Structure formats: C-alpha cells, structure tokens
C-alpha cells in the first residue's frame, strides 16, 4: 500500500461508522411515572472494526494476538505504520454471554479504541429510550430482572456528527435539543433517586485553580463566563460573584469549559513536553478548528477529547514517535 502519514492514518481510523455497524448496551433501566425507560450507550461491533483495519492497512497490514491474564483476556493489536509495527493492547473480564468468545471480542474492541477506532462514541452521553411491550423489526429486547423492567426499545438514531456524511440529515437543532433533553431527563432522575452530591464551594475552588493554571485574566474569564451562559443573563460581575450568584447550571458549565484546557497544562507538566507539542495533538483531533494557543482551546474541548489526546501522547511515548525529554 502507499505510504501514509501518521495524521492520515489517524484520520481514517477515527472516521464514524455507519449506523448499521452500531450496537446498543443498556447502562441502566427503571420504572417511571410515564412508563419503563432505560439509558443506553453505543458501541461498534467487532466485524466493523476488522473491516476498518482492512481498509486502512490492508489484510496483511495488521494482526492481533490474545493472552489470558488474571481470568480475563488481553488483546494485542499491531498495525504496520510508516515502516514499523505499532502495538497497543487492552483487555476485558470474562463475558457473561458465550464467556470465552465474548471476552475475545470485547478485548479486541478495547484494543482498537487505543488506535482511535470508535473512540468518538465515548463522547456520547447515555441516551434515554422508552421501553414497551411492543416488538418491531428493529427493536432490542431488554430483561432487567433486578428492576423488573422487561420489554423492547427502538435503537436511537446517532447525531449527525457521529455518522458518516452520506447518513447525516444535517438536523443540528434537533441534535442539540435531543442531547439537552437526555441530560435533563438524567438530572431529573438523579434528583428523584437522591443522587445529588453537588458541592458549590468545591466547584468554585476548582474554577479559580483552572483560571490560574491556564493564566486566563479575570476580565477574559468573566467574558467567557457570560458567553457560555448567554441564555441566563447572569448578573455576576467579578469572579468572586460566581460563588454566590451563579446558578448550579452556570457553575457546572463554566467548570466543564475550563477543566479540559487546564488538563492540557497538566499533560504538559506530567509528560514533561512543551505545551505547543500538546496543542499539536489538539490540532490533529480538531483539524477543523483554528488552534493558535492554549486559550483558543476553550469551548472546543470536552473531557472525552482530553482522554483521546492523552491516549495519543501515551502511545507516541511508548512507541518512541517523538523524543521524550525527562528531567
């Protein structure tokens, strides 16, 4: 095959899969006032992963092997990139369904994520679905004996950004509303079940630490706060006002915006590499964004992006893809 650059390989591996290649796993289910419901998460099936590897590397350009370890299975996945074999591994516990075969499949999926295959699915929040007694051609059976939820649910449609271009409907407003509805439903259920450990003071302390770590000036910090909370028209003027005057929602949104950028600084310190090197990984992950400096990453990254960037760095250090300076 024609020699491909590392960036080309990464981009090809990261491409979204067809909706037909996606399967759904129930994370939790319960009974509600409006009927039974569940939250489900998406994952890509093993056959699609193998096809993706064939497409990118050719049938002779990748290989895998398995090792039993502490009752589980470790999959070592190797890909031939730029003249050398790069190996990454991950494992799984014994599967309840077809124990050995299931463990092999799960370990392979997790090892593939180390190369970026299907990793975008981790950005998806658990999706709310209704469970009913009605079965259709596409419905999925659920049997939660613990919570006494038995029935069928329809596979959710993935948002446009998680689909290949030929399957996108470009319904961005509906996508945003759907994500918001799912998050609101989850918060309502958390409140009803008493799952509320929100600590305003802890959030505020972390926010001030993030601002200092990324060297964001107070005025710029407040402009950012009002920008991301433009729908609430907050009357906070200074950073100290946020602790007492900001709503929980505003506080959480500000925290979620600052933390990923603060984490980039932590990576630079932890791995002893210049922040500019870390930003290069951001540019690979977000080729459509203009990343000039650390502050330009604000609003553009989330926690799953940080996990992905961290995986890139660890993989390159392990495989000596760049000179790693140690103190």
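Coordinate-derived values only; no laboratory data. No experiment lies behind these values; they were computed from the predicted model shown. Cβ coordinates were reconstructed from backbone atoms using ideal geometry, including for glycine residues, and neighbour counts include every protein chain displayed.
Points to keep in mind about this one:
- Residue among 87, 208, 232 with the largest mean-square fluctuation in a Gaussian network model of the chain, springs linking Cα atoms under 10 Å: 232
- Sorted on the mean count of surrounding Cβ atoms within 10 Å across their residues, most packed first, peptides 277-284, 9-16, 216-223 read 277-284, 9-16, 216-223.
- The alpha carbon centroids of segment 102-174 and segment 274-288 are separated by 29 Å.
- Fraction of alpha-carbon pairs over 18 Å apart in segment 204-256 - percent: 18
- Inter-site label distance for residue 217 and residue 87 at 7 Å from Cα along Cβ, in nm: 5.2
- Of 101, 213, 123, the one that fluctuates the most in a GNM where the chain has Cα springs shorter than 10 Å: 101
- Length added when fully stretched, residue 238-residue 314, from 0.36 nm per residue minus Cα-Cα: 23.5 nm
- Spin-label model distance (nm) - residue 265 vs residue 150, 7 Å beyond Cα toward Cβ: 5.6
- Quarter of Cα convex hull surface for segment 36-95, i.e. mean projection, nm²: 6.1
- Global form of segment 4-80, assessed from the alpha-carbon gyration tensor, a/c cut-off 1.5: oblate
- Global size of the chain: 22.0, 63 Å for Rg and Dmax (C-alpha atoms, Rg to one decimal, Dmax whole).
- Point-to-point label distance, residue 253-residue 59, nm (Cα→Cβ direction, 7 Å offset): 5.3
- A full extension of the chain between residue 76 and residue 272 corresponds to an added length of 67.8 nm, given 0.36 nm per residue minus the alpha carbon distance.
- Extension gain for residue 51 to residue 5 (0.36 nm times residue separation, less C-alpha to C-alpha distance): 14.5 nm.
- Across the chain, the relative contact order, built from alpha-carbon pairs under 8 Å that are at least six residues apart, equals 13 percent.
- Dimensionless Rg/Rh of segment 235-288 - Kirkwood Rh, Rg from C-alpha atoms: 1.15
- P(r) tail fraction, segment 200-318 - alpha-carbon pairs more than 22 Å apart, %: 35
- Residue of 148, 286, 63 that the Gaussian network model of the chain assigns the largest fluctuation, springs spanning Cα pairs under 10 Å: 148
- For segment 200-318: relative contact order, % (alpha-carbon pairs under 8 angstrom, 6 or more apart): 26
- Ordering of 293-306, 249-262 by burial proxy (mean other Cβ atoms within 10 Å per residue, highest first): 249-262, 293-306
- Put the Cα centre of segment 212-235 next to the Cα centre of segment 1-64 and the gap is 36 Å.
- The P(r) of segment 1-152 has a tail past 24 Å containing 44 percent of all C-alpha pairs.
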